[in-house]
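The values are calculated or read from the model by the stated rules, or taken from the named source; none is laboratory data. Fair warning: this is a prediction, and the values are worked out from it, not measured in the lab. Here Cβ is always computed from backbone atoms with ideal geometry, including for glycine, and neighbour counts include all displayed protein chains.
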């Protein structure tokens, strides 16, 4: 069976990022998954076993002390080595900052075509076909590569299911030389997520707030509803630009694209830029005091009213339902 | 210091955008065409440096159809010194690698100390072309950075996502791709608009780049427009909207 190389991202301390499971799931549909993990110290057997359980037939561990000082250079070199060794049909990465950076470098280095931000991957008569959700989900397109290696990035939290467990056979290489074309990392701070809320990407419920919340202090209302529903917190660009909440919560054209079961838009007018990030949600609920707000054109349930009176009512009603 | 800023003209995100049903490519004639906002921010990074280092030369480079000239004129009116337009029908339908190959050929010809790009265009959203261009030119790149600081011989910035924040730097020559975290761009001044018309704007065909012609190897094989969402029920709050909403969520099995 054809090998499919998967780039597994890790935290600074070497823990696997959650995207490993979905990338291996996608890879197993296309061939035999080879998980490439780049670490500063040799991978322990239990992590290799974890990757095997997630579907990796082979675990290719590239070890380099340069990992924490070279911006994506070691990872690109490791994948180039893996491509040389396994001659895979595809290299699959997560559509993250690192994933896209490495995909671009690798593609240019090897002359391989890219398929970007796939929301689904399948094999069609031996050809790898990627599905893409374009213009905020207004279009679904499928693409493939005419010949040769395909370098594919996969949108986070878009692949469902799991791969059958595989051997997770561990092999290691060392990468010594400093990649000349890399930027230099001066310092790394892992962001520790203190909240119990689900991650915005992939959350089943998302509650987003817009400019209508009025201030950073009052934006707490959005968090309260998110907690009452067990959802993640999002925001429109207007709310981010106004400084109510950090940019990492921005949903829209230039932020995160979400596709939850339930999406709440609080005090969000629904400009096209915002809709591009959430219009594929299964159910959309909008609360806005402006009855002409465009968000109502796509809302399954709209409430014309003041968020500061409707949302507390809603939270009370939700709490009174709980046993 | 010579800074090249890469420019892309895109369909305006404030209007409806359309894919051509035949090719699956962006239908550029169907929407208003504007300079991508992230490119204006990229240019602002270069202009801010030029404000303090007057002997800086800023060159804009774009690849695109005839109308892309308007995006270059806008950049010139904001303060860039000259512009290069790679205009060649044979480049239509270029994929990311073919685009990067063409841009890299023009950058090699143009010469540079620093290349500044947006992190991703609003139409393609791929975000890989900057890394490809840097790789093809054999220079380091800092992708997806904000808080950019440029000095005589190096560039630095902050690269952060929801998992980590990195402080990064690279010696020049280098390429950086900047995010929305970079400052808003300045507006063109009246003087800028008037002088933009006299600034050099050269148009090059692919043959004039003296490089091997790239061909796209990734292909759109199908393309479906999703049906537009229809509005559902809208109520006006009379004090009971909260409980009506909960009834709805329960009926839809969402809670």
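Points worth noting:
- Annotation: of all residues in region A:184-223 being touching a residue at least 60 places away in the same chain (Cβ under 8 Å), touching a helix residue (DSSP H, G or I) at 6+ places or on another chain (Cβ under 8 Å) and at the interface with chain B (Cβ under 10 Å from one of its Cβ atoms), the one that is farthest from residue B:175 (Cα to Cα) is A:188.
- Within region A:33-42, the set of residues being surrounded by fewer than 22 Cβ atoms within 10 Å (Cβ to Cβ) and closer than 16 Å to residue A:7 by Cβ comprises A:39 only.
- Condition check for residue A:287 on (1) more than 7 Å from chain B (Cβ to nearest Cβ); (2) farther than 14 Å from residue A:207 by Cα: one failure, at (2).
- For the residues A:302, A:267, the requirement of being under 25 Å from residue B:16 (Cα atoms), in contact with a strand residue (DSSP E or B) (Cβ under 9 Å, 6 or more places away or on another chain), buried (at least 20 other Cβ atoms within 10 Å of the Cβ) and more than 8 Å from chain B (Cβ to nearest Cβ) singles out A:267.
- Residues in region A:281-314 that are closer than 17 Å to residue B:253 by Cα and assigned to a helix (DSSP H, G or I): A:314 only.
- Selection of region A:55-88 for residues being surrounded by fewer than 23 Cβ atoms within 10 Å (Cβ to Cβ), modelled with pLDDT of 95 or more and touching a helix residue (DSSP H, G or I) at 6+ places or on another chain (Cβ under 7 Å) yields A:62, A:80, A:83.
- Qualifying residue in region B:121-129 (condition: under 24 Å from residue A:182 (Cβ atoms), within 14 Å of chain A (Cβ to nearest Cβ) and in a strand (DSSP E or B)): no
- Which listed residue is in a loop (DSSP other than H, G, I, E, B) and surrounded by 23 or more Cβ atoms within 10 Å (Cβ to Cβ), from A:167, A:203, A:157, A:226: A:203
- Filter result for residue B:23 (over 23 Å from residue A:143 (Cα atoms) and outside any helix (DSSP H, G or I)): no
- Criterion violated by residue B:162 - all others in (1) out of contact with any strand residue (DSSP E or B) (no Cβ under 7 Å at 6 or more places or on another chain); (2) more than 7 Å from chain A (Cβ to nearest Cβ) satisfied: (2)
- Inspection of region A:257-264 identifies at least one residue that is surrounded by fewer than 24 Cβ atoms within 10 Å (Cβ to Cβ), assigned to a strand (DSSP E or B) and within 9 Å of chain B (Cβ to nearest Cβ).
- Single unsatisfied condition, residue A:115 versus (1) within 8 Å of another protein chain (Cβ to nearest Cβ); (2) farther than 24 Å from residue B:145 by Cα; (3) touching a strand residue (DSSP E or B) at 6+ places or on another chain (Cβ under 8 Å): (2)
- Unique match (being assigned to a helix (DSSP H, G or I) and either touching a residue at least 40 places away in the same chain (Cβ under 8 Å) or farther than 30 Å from residue B:211 by Cα (or both)) among B:46, B:80, B:30: B:46
- Test: residue in region B:187-201 that is touching a residue at least 60 places away in the same chain (Cβ under 8 Å), within 13 Å of chain A (Cβ to nearest Cβ) and not in a strand (DSSP E or B): no
- Any hit, region A:92-105, residues being within 19 Å of residue A:173 (Cα to Cα) and touching a residue at least 12 places away in the same chain (Cβ under 8 Å): yes
- Within region B:216-255, tally of residues that are farther than 30 Å from residue A:308 by Cβ, surrounded by fewer than 14 Cβ atoms within 10 Å (Cβ to Cβ) and more than 7 Å from chain A (Cβ to nearest Cβ): 2
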